[in-house]
Amino acid sequence: MSKIRRVGVLTSGGDSPGYNACIRAVVRMALEVEWEPWGIRNGFEGLLGGDIEALNSRSVSGIIGRGGTMLGASRSDAFQTPRGLRDALRHLNEAGLDALVVVGGDGSMRGAQALSEAGFPTVGIPGTIENDVCGTDQSVGLDTALNTALHALDRIRDTASSQEQAFLVEVMGEKSGYLPLMLGITGGAEMVCIPEVPFTAEDVSREVADAYVRGKRHCIIVVAEGAAPHTDEIAATLRANEAETGFRVRVSTLGHIMRGGSPSAQDRLLGTRYGAAAVERLRHGEYGVMVGLLGGQIAATPLAEVTQGTRQIDEEYLSLAHILAR
């Protein structure tokens with residue numbers, strides 16, 4: 001058994017559905033092993049301000065179905081400086097915390113790694129709708145965001161087909177195209193534009209024209225926000241070529257609606273499993289890791305490996321999206 005008696009939990013970066021399930025599991029698993037759970041408000045920025053409070057079982061009652069995060073989340077440029085790291089360690093020690101669970105995306109995992117390398121026992125939990133964190137097949141929030149976007153895409157298609165229109169549907173995916181690609185496959189899009197695959201606005205125009213010639217009444221193009229060229233440039237090209245493509249062009253940006261809302265059953269379960277696993281890793285003296293889902297099983301990956309890059313997209317999905325779009 002470790003010497004941990006007090007464990008903290010914080011949620012950082014952009015929120016994702018299922019964060020509250022993580023918090024709830026960390027708190028109640030900590031109580032189960034007779035540790036004191038503490039919550040840090042507003043991510044690393046709150047840690048720098050010493051915004052730390054004790055939690056108990058009732059603190060997390062009824063939160064599993066709520067979107068967002070009860071602790072709040074933020075990004076902190078100050079934490080990334082040597083002074084910021086020292087201040088964070090000081091506040092952790094002043095609060096008497098012995099370990100920390102960090103929930104968030106790639107930037108949050110880098111923060112967790114910095115604390116771990118400074119000697120503070122830390123475990124990460126991947127939480128991002130973009131699913132771009134290495135070391136896990138699925139991050140908390142992905143399933144809910146994908147289903148939210150899918151419901152919207154189904155409705156857009158109804159209108160597009162009724163009016164014989166082409167729609168550019170922009171979704172989140174600044175560095176990774178995983179979420180847009182999954183949306184394109186499950187939503188039956190004619191094309192998906194993502195950062196990982198080079199394309200031109202003219203390529204999109206040809207795809208739209210081909211859909212018209214094949215007799216389709218609509219053409220749905222899913223575009224990641226981080227794709228280049230950007231949605232606006234693609235739209236300008238399509239509008240200039242409407243006489244050739246056969247479709248009028250509309251743009252719909254789903255944006256932050258994808259991050260909100262009550263988490264799905266899958267995200268509630270995943271967040272719960274990750275939160276419990278994080279406490280178990282700390283309990284057995286395993287620090288400096290991120291818990292994740294690999295091959296259907298909960299596994300731990302060193303944070304040093306997690307932060308080396310962005311999770312890569314399986315080529316099989318790229319091929320499948322192209323084939324099914326015909």
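Given the peptides 260-273, 302-315, 174-187, arrange them by the average over their residues of other C-beta atoms within 10 Å, most packed first.
Values: 260-273: 19.7, 302-315: 15.4, 174-187: 23.1.
Sorting 260-273, 302-315, 174-187 by mean packing, highest first, produces 174-187, 260-273, 302-315.
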Worksheet item: Alpha carbon centre of region 90-105 versus region 260-284: separation in Å?
Response: 18 Å
Response to the item:
quick note, the chain, DSSP beta bridge pairs, % antiparallel (nearest 5) is 25 percent
Discussion item. Please compute the contact order of the chain in relative form: average sequence separation of alpha-carbon pairs under 8 Å and at least six residues apart, divided by the residue count, as a percent.
Written reply: 24 percent
Fill in: region 222-232 - phi-based ³J(HN,Hα) in whole Hz, Karplus 6.51/-1.76/1.60, Gly and Pro as x
8, 10, 6, 4, x, 6, 10, x, 6, 3, 4
Worksheet item: Amide H to amide H, which residues 5 or more places from LEU294 or on other chains are under 5 Å from it, using H placed in the peptide plane?
Response: ASP137, ALA299
Discussion item. Give me the extension gain from HIS230 to LEU269: residue separation times 0.36 nm, minus the current Cα-Cα distance, reported in nm with one decimal.
Written reply: 10.5 nm
Worksheet item: Taking θ as phi - 60°, what are the ³J(HN,Hα) couplings along region 28-41 by the Karplus curve (6.51, -1.76, 1.60), each to the nearest whole Hz, with x for Gly and Pro?
Response: 6, 5, 4, 4, 4, 9, 6, 9, 8, x, 10, x, 10, 7
Worksheet item: In degrees, nearest 10, range 0 to 90: what is the angle between the Cα axis of helix 315-324 and the longest Cα principal axis of the chain?
Response: 30 degrees
Fill in: Contour minus Cα-Cα distance for ASP154 and GLN312 (0.36 nm per residue)
54.2 nm
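For the chain, state the average projected area of the convex hull of the C-alpha atoms over all orientations, rounded to one decimal in nm². Please list the in-between numbers first.
Working: hull surface 65.3 nm².
Computing the convex hull of the Cα atoms and averaging its projections yields 16.3 nm².
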Worksheet item: Could you give me the ³J(HN,Hα) list for region 151-160, computed from phi with Karplus coefficients 6.51, -1.76, 1.60 and θ = phi - 60°, whole Hz, x at Gly and Pro?
Response: 4, 5, 5, 4, 6, 4, 4, 4, 5, 4
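Taking R0 as 35 Å, what FRET efficiency do you get between ARG83 and ALA240 from their Cβ-Cβ distance, rounded to the nearest 0.05? Could the numbers behind the result be given before it?
On the way: r = 52 Å, r/R0 = 1.47.
Plugging the Cβ-Cβ distance into 1/(1 + (r/R0)^6) gives 0.10.
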Worksheet item: Once the dipole of the chain is set up with Lys and Arg at +1 and Asp and Glu at -1 on Cβ about the Cα centre, which of THR301, ALA224, GLY46 lies farthest towards its positive end?
Response: GLY46
Worksheet, complete the sentence: Which residues qualify? For GLU196, with a placed amide H closer than 5 Å and at least 5 residues away or on another chain, they are GLY177
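No lab work stands behind these numbers, since they all come straight from the coordinates. Treat the numbers as computed from the prediction; the structure is a model and nothing was measured. All Cβ positions, glycine included, derive from the backbone under ideal geometry; neighbour counts span all protein chains shown.
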